[in-house]
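What follows is a single structure, written as C-alpha cells, with notes after it.
What follows draws every value from the coordinates through simple rules; no lab data is involved. Quick caveat, the model's predicted, so the values are computed rather than measured. Positions of Cβ are backbone-derived with ideal geometry, glycine not excepted, and every protein chain shown enters the neighbour counts.
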Amino acid sequence: MSNILHKLTPPPSWQVPVVVVSGILFGLALYLVYVSNAVSYLSDNPTTCINCHVMNPQYATWFHSSHRERASCNDCHVPQDNVFNKYFFKAKDGLRHATMFTLRLEPQVIIIKEAGAEVVQQNCVRCHNELITDNKMLSKSLSFDHFRTEGRKCWECHREVPHGRVNSLSSVPNAQIPQTKTPIPAWINNLLKSKTKN
Amino acid sequence: MNKKRSPLLNWVLFFATLIVVFFLGLLASSVTERRAEQQTTWKPEVQIAKFEPRNEVWGKNYPTEYNSYEKMKESNFRSKYNGNAKIDMLEVDPRLVVMWAGYGFSIDYNQGRGHAYAIEDLRNTLRTGGPTGPDDGPMPSTCWTCKGPDVPRIMNEEGVAAYYTGKWARLGAEIVNPIGCADCHNNETMELQISRPALVEAFQRQGKDITTATHQEMRSLVCAQCHVEYYFDKHREGAEGVNYLTFPWDNGQSVEAMEAYYDAKEFSDWTHKLSKAPMLKAQHPGYETYLTGVHAKRGVSCADCHMPYMSEGGKKFTDHHIQSPLNNLENSCMVCHKEKTAQLINDVYERQDKIIENRDILEKLCVRLHVEAKMAWDLGATDAQMKAILMDIRHAQWRWDYAAASHGASFHSPVEISRVIAGAINIAQEGRIKLARLLIELGYKGEVPYPNITTKTLAQEYIGLPMEKLIEEKETFKKNLLSQWEKEAEAREASMPVIYNK
C-alpha cells in the first residue's frame, strides 16, 4: 500500500505543476457544484426541480393545486419509507433526468415511468390512508387493493390531481415561476457593468 | 529549485489556483449568459412585404417554424389507410373509376402528400390535362385557389372575379410557391388571418362575422379556407359565367343541408358517363365533418392535433410539420390522453375499419346503380322513367363521397359518418328497387352482371378512357409549357427584392 502511494507521489521537481493541476481540477469541480446548484438537490425545496426548465409545467401546475399547501415534489415523487431509500431513489431518478436533459433527449410530453408511478402511488396511500381504511374494522381494508383498484393508480380516476390533464412542455407558456438566479455574484456583475459603461 | 519546499507554500499555491479557476468559471458563465441573451433577443432578418409568396423569405425570420415546415417534404409515412406517401387510390380501389366515369377523378387520383408538394402534384396529375397554351386545357384558373400564397397576391393584382376567370394554364407561371406562410399569417403581426374570400363570403351569407373569431377558432378556420366542400358558381350576380369559388353552406353544413342547397340550384358537377345521373362531387368536407365530432365539441382545434405546440430550449412554438397525428402520437394525442401509444392507434384503426366495412358495401351498390341504369337506358328507358332513379344515384353517391372525401372523418366524427353511410345504403337500395321494377318492365330478366373491374386498368378500359393519349399529352405539356412556366417564374422572382434589415 505504502509502496503504491510512494509510486504515485510526484518527484520533487514536479511538485509545482502537480499542485497547479490539482488546483485546476478541484477548482473546476467546485465551480460545477456551485453552478449546477448541486447542494440544492439534497433539500426538499420544490424550486430545485425547476433548476431544469423542462419541469416548469409540473412546478406551475403543482403550485396552483391544493397539494402545494401540504406536499412538496419529494413528498410524492421519492420514497418516504426510510432515508437511505429516499436518497438512493432520488439519486437514481435525478441522474437519469440530468442525463436526458444534458443530451437534449427530453420528450415533448413527459410521462412518468413505472418505477416512479409506483412511488407516487405508495405516497398517495401514505397520506390518504384514512380513505382506504374501513373505519368499522379500524384496519386497512385488505380488499381495497384487490377489489377496488384492480391495479389501477389513484390518478386514473382523480385525473386532475395535481398536475391537470393537459401535459406538455409547452402547456403553461406564461406561468410565473421562480427564475433560476444567475450564478454570478452581484459584485462581479456590477464590476462588469461599470467596465462596459466606461 | 529547492529540494524541500514548505508544504504550506504548496497549499497556498493549490488554493490560489483553485480560486482563480473558480472565478474564471464565473466569467465563463457570464460570457455564456450574454451570448444566450443575444440568441433570445429576436431580430427579424428581412422585411416581409404584404403578399410575399416565397415561404423561404418568411423562413429567414422564423427559422424554428420554417425548419419544421420543411419536414413536410418527407413522404415516408403510411398509416393503415392514408399517410403522407403518394398512393394511387384508383389502383387500391378500382371501383372509384366507375363511380367517377365522365369526371377527371376517374383518370388519376392519388393520396395527397404534404403541403410542400401542392404545386408539383397539381402540375403532374393527369386531371389537369396537357394544356399547350394559356387558354387551353380542361381546368379553370379557380383550381389554383388552394395551392399557395401566390393566389392572394394575384387576387390582389387582378381582382377576385378576374382571378376566377379563364383557364388553369393562364396562371401557370404565376402560382409557383406551395401552400405556406402567407396563406394563414399576417405579414406584419404574424396573427392568423383568412386570405381566401370564399370562406369570408360563406360566413357573410350565413350572417356571421369571421373577424370576431377567437384565436382558438382561427386555428381551425385557416384550415377551413380549403379543407371544405365547395363548388364553382357560374351564376353569381355580377360575375356570370365565371367559375366563382363558393361554399354551399347557406342552409347549414350537414350532408342533407348541402344536398338541399345543390338540389335547389339544380347544380351538378358532371353528368355520369354510364348512368347519365347529374352527379355531385364532394370535395373534401374535412372541416364540416370535424365540427360534428367530439373533439370539436370540446374545443380542440385542427392545429392542436395536426400542428401541436412544441417547446425547444424553453421557447414555445407551433410545429409547422402539418401531418397525421398517427405519425406524432407522443406530442399530439398524449398531451391529453394518457393511454399507451399502441392502444391509441388501435382506437383510431378500429373506427376506420368499422366505417370502411359499410363504405365498401355502399361503393359496390353505387357501381351496380350506374351499371344497371346504363342497362335501362340501353333498353330504351325514357327520361321520365329514369328521373327518380337518377336522383337516388346522385344522393347516394354524394353521401358516399361526403364520407370518403372528408378523409379523416371516420376518426374525427365516426357516429356522423356511420349515419351518413347508413342513410346512403338505404337510398342506393331504394334506387335499385326502382331500377329492378323498370328493368322488368323493359323486359330484362335476371341480374345485371357486375363488371370485371378488379384493377385500375380494367376499370378504365371498361369506362372507355384513352389513357395512353392522356399520358402523352401530359408529357408534352411537361416538356414544353411547364418548363416555360418555370423560366418565367424564376425571372419574375429574381426581380422581386428581399430587403435585409441592417
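Nearest 10 degrees is fine. How inclined is helix B:414-441 to the longest principal axis of chain B, computing both from alpha carbons?
Taking the Cα atoms of chain B, the angle to B:414-441 is about 20 degrees.
Summarise the partner chain shielding of B:289-302 as one whole number: the mean count of Cβ atoms from other chains within 10 Å of each residue's Cβ.
0
Helix B:255-265 against the longest principal axis of chain B: what's the angle in degrees, Cα atoms only, rounded to the nearest 10?
Rounded to the nearest ten degrees, it is 60.
Given a Förster distance of 45 Å, report the FRET efficiency between A:LEU95 and B:LYS50 from their Cβ-Cβ distance, rounded to the nearest 0.05.
The pair A:LEU95/B:LYS50 has a calculated efficiency of 0.25.
Calculate the mean, over all residues of peptide B:338-344, of how many other protein chain Cβ atoms lie within 10 angstrom of the residue's Cβ.
The shielding value for this peptide is 1.
Which angle from 0 to 90°, rounded to the nearest 10, does the C-alpha axis of helix B:467-477 make with the longest principal axis of chain B?
It is inclined by approximately 40 degrees.
Between A:LEU103 and B:GLU339, what FRET efficiency comes out of the Förster formula 1/(1 + (r/R0)^6) with R0 = 35 Å and r the beta carbon distance, rounded to 0.05?
About 0.80, to the nearest 0.05.
Per residue of A:18-30, what is the mean number of Cβ atoms on other protein chains within 10 angstrom of that residue's Cβ?
If you average over the peptide's residues, the count of other-chain Cβ atoms is 6.
Report ³J(HN,Hα) in whole Hz for each residue of the stretch B:184-194, in order, from the Karplus equation J = 6.51 cos²θ - 1.76 cosθ + 1.60 where θ = phi - 60°; Gly and Pro get x.
Each residue of the stretch B:184-194 in turn: 10, 10, 6, 6, 9, 9, 6, 5, 5, 8, 8 Hz.
How high is the relative contact order of chain A, in percent, counting Cα pairs under 8 Å that sit 6 or more residues apart?
27
Give me the distance between the Cα centres of the stretch B:80-100 and the stretch B:225-289, rounded to whole Å.
About 23 Å separates the Cα centre of the stretch B:80-100 from the one of the stretch B:225-289.
How big is the gap, in Å, between the Cα center of the stretch B:200-220 and the Cα center of the stretch B:427-455?
Spelled out, the Cα-based centre of one part sits 46 Å from the other.
Cut-off is 10 Å between beta-carbons; in what order do B:ASP88, B:ASP392, B:ASP269 appear when sorted fewest neighbours first?
B:ASP88, B:ASP269, B:ASP392
Beyond 24 Å between alpha-carbons counts as too far, so tell me which of B:LYS234/B:LYS273; B:LYS71/B:LYS502; B:LYS273/B:LYS354; B:LYS80/B:LYS478; B:LYS73/B:LYS340; A:LYS113/B:LYS73 fall in that bin.
B:LYS71/B:LYS502; B:LYS273/B:LYS354; B:LYS80/B:LYS478; B:LYS73/B:LYS340; A:LYS113/B:LYS73
On a C-alpha basis, how far is the centre of the stretch B:17-34 from the centre of the stretch B:293-333 in Å? Whole number, if you could?
41
Read phi for every residue in the stretch B:267-284 and hand back ³J(HN,Hα) as whole Hz from Karplus 6.51 cos²θ - 1.76 cosθ + 1.60, θ = phi - 60°, with x for Gly and Pro.
Computed from phi, the couplings for the stretch B:267-284 are 8, 9, 6, 6, 9, 5, 5, 8, 8, 6, 6, x, 8, 10, 9, 5, 7, 8 Hz.
For a protection proxy built on the mean count of beta-carbon atoms within 10 angstrom, sort B:256-265, B:428-437 highest first, please.
Peptide ranking by packing, descending: B:428-437, B:256-265.
How high is the FRET efficiency from B:LYS364 to A:CYS157, r the C-beta distance, R0 35 Å, rounded to 0.05?
Efficiency computed from Cβ-Cβ geometry: 0.15.
DSSP loop GluC sites (Glu not before Pro) in the stretch B:137-211 with at most 12 other Cβ atoms within 10 Å of their Cβ, which ones?
B:GLU188, B:GLU191
Does chain A come out rounded, prolate or oblate, given a ≥ b ≥ c as the square roots of the eigenvalues of its C-alpha gyration tensor, rounded meaning a/c under 1.5 and, failing that, prolate meaning a/b above b/c?
Here chain A falls in the oblate category.
When B:LEU274, B:LEU122, A:LEU131 are ordered from fewest to most other Cβ atoms inside 10 Å of their Cβ, what list results?
Taking fewest neighbouring Cβ atoms as first place, the list is A:LEU131, B:LEU122, B:LEU274.
For B:LYS167, which sequence-distant residues (separation of 5 or more, or a different chain) have an amide H within less than 5 Å of its own amide H, given hydrogens modelled in the peptide plane?
The answer is B:SER141.
Work out, step by step, the length gained on full extension between B:ILE471 and B:ASN501: first 0.36 nm times the residue separation, then minus their alpha carbon distance; give nm to one decimal.
Value of the extension gain: 6.0 nm.
I need the peptides B:58-69, A:49-60 ranked by packing, meaning the mean over residues of other C-beta atoms within 10 angstrom, with the highest value on top.
A:49-60, B:58-69
For a footprinting-style exposure proxy, rank B:SER410, A:SER66 by other Cβ within 10 Å, fewest first.
Ranking B:SER410, A:SER66 by Cβ neighbours within 10 Å, fewest first, gives A:SER66, B:SER410.
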